[in-house]
Amino acid sequence: MTADTLITLVLIVLFVPLFSFALLLAFGKRLPRKGDVIATGLMFANLALAVVVLVGTLNLPEAAPIPGFPHEPPQASFTWVDFQSSITVMEQDIPLRIELGVLLDPLVAIMLVVVMIITALVHLFSIGYMKGDPKYHRYFAYLGIFAFSMLGIVVTNNFLMMYAAWELVGLSSYLLIGFWYEKPMPAYAGTKAFLVNRIGDIGMWTGILILFTSYGTFRFDEIFAYIAAGQLPFGSEAWLTAAGILIFMGAIGKSAQFPLHTWLPDAMEGPTPVSALIHAATMVAAGVYLVARTFPMMSGGALIVIASIGTITAFVAATIALVQNDIKKVLAYSTVSQLGYMVLALGVGAYTAAFFHLVTHAMFKACLFLGSGSVIHAMHDGLHHIDDHDSDAQDIRNMGGLAKKMPVTFATFLVATLAISGVPIFSGFLSKDEILAGAWAFGGLQGELSVLIPWIGFIVAAMTAFYMFRLVILTFLGESKRPDIFAHIHESPMTMKIPIIVLATLSLWVFYSFNPFSGPSGWFVKTVETPVTVTGDQWYPFSHGGVHDTEHEAVLDMEEHDAVHGIETAVAETHAGQETLAHATHEAHIPAMIASLLLATAGILFAFAMYSRKLLDPDRLAAKLRPVHTFLLNKWYFDEIYEQWVVIPGLLAFTRITYWFDAHIIDGAVNGAAAVTRLQSRISGLFDKWVVDGFVNLVAYVVGFFGILLKKTQTGRIQAYIAFVLTGVVALIYLFGIFR
């Protein structure tokens, strides 16, 4: 299959969800079953096309490397806007125009499959979960636009199209999180998600504008090439770092990283299948994908910021998840923590490990969320049978013993829990082990505070195993805490069981590597190569065995090399530091694996000791550590801090500014306008009185004067009239004589 054919298939995969959205929005009420089967069928057909694209991409012949890409990817672009002007870059006049297009590399191909797997299975699950909802067809329409938005981010070859799809993802999430907008909490959660993400998106757009102002293009490959050739934004490495951090702000918002992580747990107010879609393959994955796509242009300073933010996020979210009692909020904070892992990995240079964990996390986290949806669906049915509308169907303190009534849901939930806990033979072990090995290598080579990054990573691994098995034990094991509900609980219908079975199966190791203890030996890690950084070795101060001055090694002077030789030299020079890190990561693999296994085992055993065997009473422990427990239960008081120190003061400041502006500017302008109006009225009155009326009166006076004068000549005597005529004739003859 040729590259052109694959590009065509990519475009079809992109627009099928948009077609589904338009079809259901326009005709959903008149379609059979309100269009759910049609929408689901389209998604599964699109998944098949995505698989074809992936297989075709993996079989494409390898192309030569270009800056920022291991191999030159097939692309298709068209000029959207031509400004008919130029911009000077590297002392050359470059036409100023905006191109839109798509590219295809293994990163894109794998993400297409991941997004479509989750989207198709969420559609199927929703048929059972959303049955009877009055806005049923609109729900499936919104799923389509959500998938289209995420696919737009994935396939684009430029920042502008990515940003447009990025904002469309924000709109789609607002529509789905607030789907039940008639209730106050979903409406609040949708608005909060939308507004919090705007903060990160402003930073992202500013970073994009820095690059466009510097290079006159939005295309990734062209920007990477300019940076590799030594053309930094405004001629400064500081501006390159600033652009990287600002673009990363978009990921902080979308991927719910500290300090903009507070919107994601509240997003649980939307339908549970939406939560699976958001947390697994669409919205939160967009931020990690953004950093992965722009990784080659990130300077050392930017990557240190990225690693630090990811580490803080992973730790903070994991501590909050330890004490939550809402089944979906435990999973939500788990997602935030795992996203922190991915961002951490990208920051320390473990590029492949980060993307690997993005893919494996999509499978087991979607399984966990859909499994929680199956539980909530059953709990709602049980509460409905006993006419209890006040109890919380999502509170794990109302559950227990559900494994007996929901064996399929329990088995799949357990598989996904083992995967996220990093237990061997499950996918999460492979990807998380790679992240921890990369963090270990980075901390060992960098030293100083960077040593904290791997330590925190291992601590978070232990906490993850603990809170996930706490969730399993309190939900599925032991005796039911509400026997009145338990008697009416039953397993979910087949349309809800099939998706979680498929996702649990995809959480096994065999789909990614035939060696259950080694991710690098599998096809995935070998396929997704780390792109060569175009900023040079500057962020690898440990390359070549020690710290060295890289101020002039960061970029290549392309004037001293021909194009091909320049690229080969760039690859060789910038690979030096990456190869150092790769070698250190390989050496850290075994100790990191042993440490992560010991910590995961400790976390699991501690959870069973507390919540199953009751060797340590959790309530008594919470009472002894009440300040800490309250602190974590209230989510580090981030919402309260933002409300009291950011939102309210900000609103008050905005109100005061608005009041001052209204009192001094608006009122002044209104009063000024009134004064001008009065002046205009007075001038108009004076003009009317002295000019218009004066002219009319003057004409009347002149006419009257001559009338009076001529009146004297009207004597009624013939001899007088003859004398006047003769006098006039003589006067005329005299005048003609003068002017002759």
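The values are calculated or read from the model by the stated rules, or taken from the named source; none is laboratory data. All figures in this text were calculated on a predicted structure; none of them were measured in a lab. A quick note on method: Cβ atoms are made from the backbone with ideal geometry, for glycine too, and the neighbour counts reach across all protein chains shown. Ligands, DNA and RNA are excluded from the accessible area calculation, which covers all protein heavy atoms including side chains. Shrake-Rupley method; radii C 1.70, N 1.55, O 1.52, S 1.80 Å.
Here are some notes:
- Within region 415-485, the GluC sites (Glu not before Pro) that combine a DSSP coil assignment with at most 11 other C-beta atoms in a 10 angstrom radius are 479.
- Rounded to the nearest Hz, the phi-derived 3J(HN,Hα) couplings of region 71-86 under the Karplus curve 6.51 cos²θ - 1.76 cosθ + 1.60 (θ = phi - 60°) are 9, 5, x, x, 9, 9, 9, 9, 7, 8, 9, 10, 7, 6, 8, 9, where x marks glycine and proline.
- Listed residue (314, 657, 384) projecting farthest to the positive dipole end of the chain, Cβ model: 384
- Region 353-381-region 29-67 distance, computed between alpha-carbon centres (Å): 21 Å
- Between residue 701 and residue 234, the contour length at 0.36 nm per residue exceeds the alpha carbon distance by 160.4 nm.
- Label zone (residue 720, point 7 Å along Cα-to-C-beta; backbone nitrogen cut-off 16 Å) within region 681-710: 707-710.
- The trypsin sites (Lys or Arg not before Pro) of region 398-448 meeting both criteria, a DSSP state outside H, G, I, E and B (loop) and at most 16 other C-beta atoms within 10 angstrom of the site's C-beta, are 404.
- Stretched out straight at 0.36 nm per residue, the stretch from residue 677 to residue 183 would grow longer than its current Cα-Cα span by 172.8 nm.
- Solvent exposure of the chain as accessible area per residue, Å², 1.4 Å probe: 44 Å²
- Among 158-171, 59-72, the order from most to least packed when residues are scored by Cβ within 10 Å on average: 158-171, 59-72
- When peptides 135-142, 679-686 are ranked by their average number of other Cβ atoms within 10 Å per residue, the highest-first order is 135-142, 679-686.
- Mean separation of Cα contacts under 8 Å (6+ apart) over length of region 237-354, as relative contact order %: 31 percent
- Contact order relative to length of region 151-282, as percent, for alpha carbon pairs under 8 angstrom and 6 or more apart: 30 percent
- Ordering of 182-195, 8-21, 287-300 by burial proxy (mean other Cβ atoms within 10 Å per residue, highest first): 287-300, 8-21, 182-195
- Cβ charges +1 (Lys, Arg) and -1 (Asp, Glu), total dipole of region 175-272, debye: 140 debye
- Given charges at Cβ of Lys, Arg, Asp, Glu: the chain dipole, positive-most of 723, 46, 274: 723
- Nitroxide proxy distance, nm - points 7 Å out along Cα→Cβ at residue 511 and residue 645: 4.3 nm
- A simple spin-label model places pseudo-atoms 7 Å from Cα toward Cβ; at residue 708 and residue 199 they are separated by 8.7 nm.
- The chain - percent of accessible surface contributed by carbon and sulfur, probe 1.4 Å: 68 percent
- Simple Cβ-charge dipole of region 1-80, Lys/Arg +1 and Asp/Glu -1, about Cα centre, in debye nearest 20: 660 debye
- Amide N proximity, region 69-106 versus residue 55 label position 7 Å along Cα-to-Cβ, cut-off under 19 Å: 105-106
- The chain, relative contact order [Cα under 8 Å, separation at least 6], %: 12 percent
- Cα-Cα over 26 Å, subset of 192/481; 34/328; 365/526; 135/328: 192/481; 34/328
- Simple point charges give the picture: +1 on the Cβ of Lys and Arg, -1 on the Cβ of Asp and Glu, and for the chain a dipole about the Cα centre of about 3540 debye.
- The chain: Rg to Rh, with Rh as the Kirkwood radius over Cα pairs: 1.25
- Amide H contacts under 5 Å for residue 87, placed H, 5+ residues apart: 94, 96
- Each part reduced to its alpha carbon centroid, region 180-217 and region 122-136 end up 29 Å apart.
- The Cα-based radius of gyration and maximum Cα-Cα distance (Dmax) for region 1-112 are 18.9, 62 Å.
- Positive-end residue of 709, 694, 671, charge dipole of region 629-709 with Cβ unit charges: 709
- FRET efficiency, 1/(1 + (r/R0)^6) with R0 35 Å, evaluated for residue 657 and residue 691 via beta carbons: 0.15
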